[in-house]
Amino acid sequence: MTLWYEAALASFDTETTGVDVERDRIVTAALVVQEEPGGAPRRHTWTVDPGLPIPAQATAVHGLTDAWAREHGRPPGVAVEEIARALAESARAGRPLVVMNAPYDLTLLDRELRRHRGMTLDQYLTGAPLLVLDPWVLDKRLDRYRKGRRNLAALCEHYGVTLTDAHDAAADATAALELTRAMGRRHQGQLEGLSAAELHLRQAVWHAAQARGLEQWFSRSGTPARVDTAWPLRLPLERAA
């Protein structure tokens with residue numbers, strides 16, 4: 001049996017106007033597909049004119065400016081429709097989807113689809129649900145007592161994966177894909193031969209436990225804060241209330 005980390009994988013990433021999934025917008029996105037380990041990745045990229053000013057704080061991270069997005073970007077309704085259809089097509093092909101911190105990128109895409117197309121991400125995925133592999137959740141479960149940061153750059157360094165052009169959507173998606181393969185190989189004993197579908201279900205449970213633990217830490221630190229337990233997609237605010 002071919003294990004999921006030695007089979008075809010896809011990976012998705014976005015660069016955005018900010019970190020609020022309910023209000024911020026996609027500026028660039030990438031879907032990277034690799035049919036086998038070591039194979040040449042196919043990169044599908046989108047540039048979006050978000051229709052909102054890109055804050056200076058966001059530009060400082062990814063380098064994308066208002067003028068660049070207006071010149072090169074496509075209307076958001078057109079772009080997010082194409083992105084959702086590309087994810088659905090990849091899911092129908094049976095490829096698990098790597099998304100680093102999935103509740104951020106997938107929720108933001110869902111909200112963009114609701115905003116511009118009047119549809120949810122799940123509606124595009126009818127009959128072909130995503131099987132998500134989230135290296136952020138996986139590492140926190142498989143190597144839970146390790147000290148240090150767990151962002152993409154730190155994880156790539158720890159697992160010996162090359163990350164070039166950080167905060168470029170295609171580069172980050174490619175690195176996250178290779179990172180997830182490396183995690184699978186290093187922790188194959190803990191993964192017990194789990195399929196991608198089984199691992200998807202377990203990550204939802206692991207993420208919820210991790211979120212509750214983070215809430216407790218905030219409370220002990222004197223700064224109580226709610227941490228969303230939903231994974232890989234957050235509920236809309238009106239349903240989460």
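Quick rundown of the values:
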quantity: Qualifying positions in the stretch 138-196 - at pLDDT 95 or above, over 15 Å from the mean Cα position of the chain (by Cα) and among the acidic types (Asp, Glu); calculated: Asp143, Glu157
quantity: Residues within the stretch 10-47 that are more than 20 Å from Trp68 (Cβ to Cβ) and touching a helix residue (DSSP H, G or I) at 6+ places or on another chain (Cβ under 7 Å), tallied; calculated: 11
quantity: Members of the stretch 32-44 that are among the hydrophobic types (A, V, I, L, M, F, W, C) and not in a loop (DSSP other than H, G, I, E, B); calculated: Val32, Val33
quantity: Identity of the residue in the stretch 61-72, open to solvent by 90 Å² or more (accessible area, probe 1.4 Å) and not basic (Lys, Arg), that ends up farthest from the chain's Cα centre (by Cα); calculated: Glu71
quantity: Residue tally, condition touching a residue at least 12 places away in the same chain (Cβ under 8 Å) and either among the small types (Gly, Ala, Ser) or open to solvent by 60 Å² or more (accessible area, probe 1.4 Å) (or both), over the stretch 172-201; calculated: 14
quantity: Those residues of the stretch 73-103 which are out of contact with any strand residue (DSSP E or B) (no Cβ under 8 Å at 6 or more places or on another chain), surrounded by fewer than 19 Cβ atoms within 10 Å (Cβ to Cβ) and part of a helix (DSSP H, G or I), in sequence order; calculated: Gly77, Val78, Glu81, Arg85, Glu89, Arg92
quantity: Selection within the stretch 137-150 - open to solvent by 60 Å² or more (accessible area, probe 1.4 Å) and touching a helix residue (DSSP H, G or I) at 6+ places or on another chain (Cβ under 8 Å); calculated: Arg141, Gly148
quantity: Per-region count, the stretch 123-178, residues farther than 25 Å from Ala197 by Cα and of a type in the set (Lys, Arg); calculated: 3
quantity: Residue in the stretch 19-31 that is aliphatic (A, V, I, L, M), at pLDDT 95 or above and farther than 22 Å from Asp110 by Cβ present; calculated: no
quantity: Residue in the stretch 6-31 that is most open to solvent (accessible area, probe 1.4 Å), counting only those that are β-branched (Val, Ile, Thr), assigned to a loop (DSSP other than H, G, I, E, B) and touching a residue at least 60 places away in the same chain (Cβ under 8 Å); calculated: Val19
quantity: Residue selected from the stretch 104-120 under the condition in a helix (DSSP H, G or I) and more than 14 Å from the chain's Cα centre (by Cα), by the criterion nearest to Ala91 (Cα to Cα); calculated: Leu113
quantity: Residues satisfying the stated conditions in the stretch 210-228, i.e. open to solvent by less than 100 Å² (accessible area, probe 1.4 Å) and either part of a loop (DSSP other than H, G, I, E, B) or within 15 Å of Pro103 (Cα to Cα) (or both); calculated: Gln210, Ala211, Ser221, Gly222, Thr223, Ala225, Val227, Asp228
quantity: Residue among Thr2, Thr47 that alone is part of a strand (DSSP E or B), open to solvent by 20 Å² or more (accessible area, probe 1.4 Å) and of a type in the set (S, T, N, Q); calculated: Thr47
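The values are calculated or read from the model by the stated rules, or taken from the named source; none is laboratory data. What you see is a predicted model, and the numbers here were worked out from it, not measured in a lab. Counting neighbours? That spans all protein chains shown, and the Cβs are built from the backbone with ideal geometry, glycine included. Accessible surface areas use protein heavy atoms only, side chains included; no ligands, DNA or RNA. Shrake-Rupley method; radii C 1.70, N 1.55, O 1.52, S 1.80 Å.
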